[in-house]
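Asker: Below is one structure. I have some questions about it.
The values are calculated or read from the model by the stated rules, or taken from the named source; none is laboratory data. Just so it is clear, the model here is predicted, and its values are computed rather than measured. Note that each Cβ is placed from the backbone with ideal geometry, even for glycine, and that neighbours are counted across all protein chains shown. Side chains included, ligands, DNA and RNA excluded: accessible areas come from the protein's heavy atoms. Shrake-Rupley method; radii C 1.70, N 1.55, O 1.52, S 1.80 Å.
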Amino acid sequence: MIRRYTVLLVEDNRVDRMAFERFVRSEDLPYDYTIAGSVAEAKKILASQSFDVALMDHILGDGTSLDLFEAAQNMPIIVITVSSDQQIAVDVMKAGAYDFLAKDREGNYLIALPIIVTHAVERWQAQRELLQYQNHLQEMIKERTKAMLEGELRLLTIVESTPIIVFSLDIDTKFTFVAGHTEEILGYSPSDLIGKSLLLLFPDTEEAKMRFQAAYFGEKFSNDVEINGHWLSISAFAKWENESIIGIIGVVHDISERKRAELAMAQERNLLRTLLDNIPDYIFIKDRQGHLVESNGAHAAGAKLMPEEIISRTAVEVFDNAVTEQFHADDLQVMDSGLSVTNEERITTAVDGSKRFALITKVPLYDDNTREIVGLVGISRDITDRRKIDEMRLQATQLRIEIEKEREVIEMKQRFIATASHDFRTPLAVINMTAHTLETYFDRLSPEKRSQKLKQIQSQVVHMVDLLEAVLTLSKIDAGKFPFCPRLFDLKIFCDRVWEDVIGMDEQQHQHHFDFVASILQIKADEHLLQYVLVNLLSNAFKYTPEGGDVHFHIANDDQFITFKISDTGFGIPKVDLKYLFEPFYRASNVKNIQGSGLGLMIVKAYIELHGGTIAVDSEEGVGTTFTAQLPLYV
């Protein structure tokens, strides 16, 4: 029949209490438990109830588990806490706790809880009974009475009910008394062992003799051994009579579960060690003085050493001095400031002496008790090959950009040739037709008609000359051979002259607005190019604004730039056309019935950029357009 345990859980965290209850139900544990949420509540419960075992969270809202040890002195106490502070473990174990269990976020500690609880209760009961028996036995030995036999029988009954072995040896290490689970643990019945030497259980008899030597000299003996697949914890002490040692009394506990857990942990550590040693990154730990206390294989190989050979040395002792100065500076920064160095690029030297690039990360290492910085953990990754790949990618990207630009230039030239051919063909066709008319019907035409035809020819010739001039200008700019001659001149006089010239040619009676608010008197620029820019922008404003509309010319400056703003209330520019506005021969789709070459704005932009300036356009179809040109004050 499964024995049920009475359990007191002292836990102030509601989530952890629920996790415990859920685990007890899911595992069908034989626990009759009572839960207290504070020190005060636990003391009240302990004053009226007794339990087989007490599970206590260390840090509680109104105190700690230590505040309950006196009230719970008649039961084994297992302290459970989320802290991994070893000092807490030492304190509670010294105070009388049976065991100390650290919580984890995933609740895996609950898995080990049933084993620990069972061992705690059984060992507590056995130890108390054994202690009572030991005291009583010593008294009986002194009195040499028959009560010794009764005590041994009583001990036999107790031991048989617990998973331990109690034994007594004579001076020759032979069993005189054995009780407990001997068959399960040792493979022998108690009767098989009586009269036989304890040493037969050990494969190495000489080593066993040496181990027990201390007990026969009056010292307490304690050791862990493996027998028949079981890990056993053996505790033994001398048995005295008339101030002489006549044998040994001992207790054996089966600690196989604990040993398996330790073995699993050791395997995990070995796995981690294997993993670290097979990672190509340098991984290391240094103490406050810069000595290496841990190093993986790659880090040690970088110094042409084995991991065990690099321990206790400094970086200056094992690495090239050319790179250790910067590494030492990083170490001091981390350990003095407490701030990490994360993914910082450093230059180092490979085993063959070649220059390498490394990505360094270093974080401070703190003492769990004092929270003082005692060293650092570092990781160094070789990124030389990655840098080379990045450089190759960058070069490939730049090459693609250059190819794309070249393709755009070729397309622009093809479009330029096609458009220019069309724009030259049109005026030539008009001239040819008009000349043919004059030749054929000269006698029939009135003097006014003849004059009109001649003016048509002249107009087309002027248009072709302007077109050729524009093409020639663009060619010179593209070749970098266009003359640029900046000089100082009076800005106000210049702007007045340009404005008067442009409005003098206005035949549609627009509303004129001239606003000169610049604070500077002179500007250094190429006067000829700047005049072309402003005349072109202002002429376009008048050309593409219906009669009676507004045209504004605004001039201002700040500490760095002179700004020319030309705005109108004209047709505006469709959004789809804005991004192509400064390309050669491009004209907005809503003004193609108005004469123009489509080269003016491209030349304007080129002239402004020669000055180191910029031009921007803001327009809404049907509302108007604003061109803003900015030139630096000092060209």
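Asker: So how much accessible area does Ser619 have, in Å² to the nearest 10, using a 1.4 Å probe?
Answerer: Estimated to the nearest 10 Å², Ser619 gives 20 Å².
Asker: Calculate, for segment 1-113, the solvent-accessible area per residue in square angstrom, rolling a 1.4 angstrom probe over the heavy atoms of the protein chains.
Answerer: Accessible area per residue, segment 1-113: 54 Å².
Asker: Whole-Hz ³J(HN,Hα) for each residue in segment 548-553, computed from phi via Karplus 6.51 cos²θ - 1.76 cosθ + 1.60 with θ = phi - 60°, x for glycine and proline: what do you get?
Answerer: x, x, 9, 10, 10, 10
Asker: Where Lys and Arg each count +1 and Asp and Glu each count -1, what net charge lies around Arg4 among other residues with Cβ under 12 Å from its Cβ?
Answerer: Result for the neighbourhood of Arg4: -2.
Asker: Heavy atoms only, probe 1.4 Å: what % of the accessible area of segment 1-135 goes to carbon and sulfur, would you let me know?
Answerer: 50 percent
Asker: Now, a different point. Heavy atoms only, probe 1.4 angstrom, no DNA, RNA or ligands counted: give me Ile555, Ile2 ranked by accessible area, highest first.
Answerer: Per-residue accessible area, sorted high to low, gives Ile2, Ile555.
Asker: Beyond 20 Å, what percent of the Cα pairs of segment 485-587 remain?
Answerer: Values: 2311 of 5253 pairs.
That tail contains 44 percent of the Cα-Cα pairs.
Asker: With Cβ to Cβ distances under 13 Å as the rule, what net charge do the other residues near His230 carry (K, R +1; D, E -1)?
Answerer: Every neighbour counted, the sum reads -3.
Asker: What accessible surface, in Å², does a 1.4 Å probe find on Asp336, ignoring ligands, DNA and RNA and rounding to the nearest 10?
Answerer: 110 Å²
Asker: What does the charge count near Phe489 come to, summing +1 for each Lys or Arg and -1 for each Asp or Glu among other residues with Cβ under 11 Å from its Cβ?
Answerer: Net local charge, Phe489 excluded: +1.
Asker: Take Tyr133, Tyr544, Tyr532 and sort them by solvent-accessible surface of the protein heavy atoms, 1.4 Å probe, largest at the top.
Answerer: Greatest to least solvent exposure: Tyr532, Tyr544, Tyr133.
Asker: Calculate the translational D of segment 223-318 in whole µm² s⁻¹ from Stokes-Einstein, where the hydrodynamic radius comes from the Kirkwood formula applied to all Cα pairs, the temperature is 25 °C and the viscosity 0.890 mPa s.
Answerer: The Stokes-Einstein estimate is 142 µm²/s.
Asker: Along the charge dipole of segment 223-298, which of Ala266, Leu292, His253 sits closest to the positive end, that is, farthest toward it, with unit charges on the beta carbon of Lys, Arg, Asp and Glu (+1, +1, -1, -1)?
Answerer: Leu292
Asker: Once ligands and nucleic acids are excluded and a 1.4 Å probe is used, how much of Ser519 is accessible, expressed in Å² to the nearest 10?
Answerer: Roll a 1.4 Å probe over it and Ser519 shows about 90 Å².
Asker: Please list 534-540, 268-274 highest first by mean number of surrounding beta-carbon atoms within 10 Å per residue.
Answerer: 534-540, 268-274
Asker: Mind giving me the FRET efficiency for Leu438 and Asp501? R0 is 51 Å, r the Cβ-Cβ distance, nearest 0.05 is fine.
Answerer: Taking R0 as 51 Å, the efficiency between Leu438 and Asp501 is 0.90.
Asker: What full-extension length gain, to one decimal in nm, is calculated for Arg14 and Glu317 as 0.36 nm per residue of separation minus the Cα-Cα distance?
Answerer: Here the segment from Arg14 to Glu317 would lengthen by 103.6 nm.
Asker: Can you compute the FRET efficiency between Asp104 and Lys543 using 1/(1 + (r/R0)^6), with r the Cβ-Cβ distance and R0 = 60 Å? Round to the nearest 0.05.
Answerer: After rounding, the FRET efficiency stands at 0.15.
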